[in-house]
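Enquirer: Can you read through this structure? Questions will come right after.
The values are calculated or read from the model by the stated rules, or taken from the named source; none is laboratory data. Bear in mind the structure is a predicted one, so any value in this text is a computation, not a measurement. Positions of Cβ are generated from backbone atoms using ideal geometry, with glycine treated the same way; all protein chains shown enter the neighbour counts. SASA here: full protein model, heavy atoms, side chains in, ligands and nucleic acids out. Shrake-Rupley method; radii C 1.70, N 1.55, O 1.52, S 1.80 Å.
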Amino acid sequence: MDNLLGELFIAFVKIGLFSFGGGYAVIPSIQYQANSLGWMSDSAFGKSILISGMAPGPIATNSATLIGYQIAGINGAIVSTIGMILPSFILIIIVALFFYKIRGKQWVKATLYGLKPIITVLIFYAAFHLFVLGKEGSMLNWTIGATLVIVGLAVYGLLKYKLHPLWVIAGSGLAGIILF
């Protein structure tokens with residue numbers, strides 16, 4: 001059990017240290033670790049991510065906590081959560097000390113600008129992958145069509161009518177309850 005806890009800690013420290021973009025951009029890294037270490041199947045991983053997304057708080061930390069719990073109980077949840085947040089905590093303190101002095105330099109701006117497309121691709125990859133993992137049968141059925149209509153209407157309402165995101169979330173949730 002101690003070896004498993006150490007494995008969880010190291011895996012989530014690596015994810016927390018080397019993943020950029022937060023939230024959904026980190027999911028491919030978590031999935032890679034879960035698959036390569038044999039912790040869970042793709043289907044179980046997809047369900048864990050979906051559950052983690054419903055809980056309040058950052059999905060990456062929620063995922064680490066839930067996966068740690070599923071693998072090694074409460075100790076696994078604690079170790080995984082600490083492993084996930086410790087690198088960010090340490091890095092934020094270090095960066096805050098130095099960033100104030102270098103924030104205006106061109107290479108800093110260029111580096112941050114260069115990370116944007118990578119993060120965008122990781123988020124789209126995670127969304128597509130979860131979409132594929134979450135479906136047991138055919139990729140084209142009425143639930144997928146209804147989901148796409150809800151997403152389309154939500155985006156339309158946000159962009160065209162400048163609806164408050166809370167109203168869009170509530171309306172999408174209500175539509176989901178009615179349709180599914």
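Enquirer: Just the residues that are more than 12 Å from the chain's Cα centre (by Cα) and at pLDDT 90 or above, please, taken from the stretch 1-15.
Expert: So in the stretch 1-15, the residues more than 12 Å from the chain's Cα centre (by Cα) come out as 1-14.
Across the stretch 1-15, the qualifying residues are Asn3, Leu4, Leu5, Gly6, Glu7, Leu8, Phe9, Ile10, Ala11, Phe12, Val13, Lys14.
Enquirer: So, one more: Would you mention how many residues in the stretch 1-52 are farther than 24 Å from Leu115 by Cβ and not aromatic (Phe, Trp, Tyr)? Please lay out each step first, then the result.
Expert: Here is the first cut: in the stretch 1-52, the ones farther than 24 Å from Leu115 by Cβ are 1-10, 34-48, 50-51.
Pick out the ones that are also not aromatic (Phe, Trp, Tyr) and you get 1-8, 10, 34-38, 40-44, 46-48, 50-51.
Summing the residues that are farther than 24 Å from Leu115 by Cβ and not aromatic (Phe, Trp, Tyr) in the stretch 1-52 gives 24.
Enquirer: Restricted to the stretch 64-81, and to residues that are open to solvent by 80 Å² or more (accessible area, probe 1.4 Å) and aliphatic (A, V, I, L, M), which residue is nearest to the chain's Cα centre (by Cα)?
Expert: Ranking the qualifying residues of the stretch 64-81, first place goes to Ile78.
Enquirer: Okay, moving on. Sort out which residues of the stretch 103-122 are out of contact with any Phe, Trp or Tyr (no Cβ under 9 Å at 6 or more places or on another chain) and either in a helix (DSSP H, G or I) or under 28 Å from Tyr32 (Cα atoms) (or both), and write them in order of number. Give the steps one after another, and end with the answer.
Expert: As a first pass, look at the stretch 103-122 and keep what is out of contact with any Phe, Trp or Tyr (no Cβ under 9 Å at 6 or more places or on another chain): 103-107, 109-114, 116-117, 120-121.
Listed by number, the residues that qualify are Gln106, Trp107, Lys109, Ala110, Thr111, Leu112, Tyr113, Gly114, Lys116, Pro117, Thr120, Val121.
Enquirer: Continuing with the same structure: Please work out if Ile93 is in a helix (DSSP H, G or I) and touching a helix residue (DSSP H, G or I) at 6+ places or on another chain (Cβ under 7 Å).
Expert: On the way: in a helix (DSSP H, G or I): yes; touching a helix residue (DSSP H, G or I) at 6+ places or on another chain (Cβ under 7 Å): no.
Against the criterion (in a helix (DSSP H, G or I) and touching a helix residue (DSSP H, G or I) at 6+ places or on another chain (Cβ under 7 Å)), Ile93 does not qualify.
Enquirer: Now for a separate question. Mind checking whether some residue in the stretch 39-54 is surrounded by fewer than 18 Cβ atoms within 10 Å (Cβ to Cβ), of a type in the set (S, T, N, Q), in a helix (DSSP H, G or I) and without any contact (Cβ under 8 Å) to a residue 12 or more places away in the chain?
Expert: We begin by selecting, within the stretch 39-54, every residue surrounded by fewer than 18 Cβ atoms within 10 Å (Cβ to Cβ); these are 40-44, 47, 50-51, 53-54.
Applying the additional criterion that residues be of a type in the set (S, T, N, Q) yields 41, 43.
This time we only want the ones that are in a helix (DSSP H, G or I), so: 43.
Next, from what is left, pick out any that are without any contact (Cβ under 8 Å) to a residue 12 or more places away in the chain: none.
Taking every residue of the stretch 39-54 in turn, none turns out to be surrounded by fewer than 18 Cβ atoms within 10 Å (Cβ to Cβ), of a type in the set (S, T, N, Q), in a helix (DSSP H, G or I) and without any contact (Cβ under 8 Å) to a residue 12 or more places away in the chain.
Enquirer: Then there's this: Taking only the stretch 7-21 into account, find how many residues are open to solvent by 30 Å² or more (accessible area, probe 1.4 Å) and either under 9 Å from Gln33 (Cα atoms) or in a helix (DSSP H, G or I) (or both).
Expert: Let us first name the residues in the stretch 7-21 that are open to solvent by 30 Å² or more (accessible area, probe 1.4 Å), namely 7, 9-10, 13-14, 17-18, 20-21.
Next, only the ones that are either under 9 Å from Gln33 (Cα atoms) or in a helix (DSSP H, G or I) (or both) stay: 7, 9-10, 13-14, 17-18.
Residues flagged as open to solvent by 30 Å² or more (accessible area, probe 1.4 Å) and either under 9 Å from Gln33 (Cα atoms) or in a helix (DSSP H, G or I) (or both) within the stretch 7-21 amount to 7.
Enquirer: Something else about it: Can you tell me which residue among Tyr125, Tyr100 is exposed (fewer than 12 other Cβ atoms within 10 Å of the Cβ) and in a helix (DSSP H, G or I)?
Expert: Testing whether each residue is exposed (fewer than 12 other Cβ atoms within 10 Å of the Cβ) and in a helix (DSSP H, G or I) leaves just Tyr100.
Enquirer: Just the residues that are touching a residue at least 12 places away in the same chain (Cβ under 8 Å) and farther than 17 Å from Met54 by Cβ, please, taken from the stretch 169-180.
Expert: Across the stretch 169-180, the qualifying residues are Gly171, Leu179.
Enquirer: Search the stretch 145-160 for residues that are closer than 18 Å to Ala127 by Cα and pair each with any residue that is surrounded by 11 or more Cβ atoms within 10 Å (Cβ to Cβ) when their beta-carbon atoms are under 7 Å apart and the residues are at least 6 apart or on different chains.
Expert: Every condition considered, the pairs that remain are Ala146/Leu179; Ile150/Ser172; Ile150/Ala175; Ile150/Gly176; Ala154/Val168; Ala154/Ser172.
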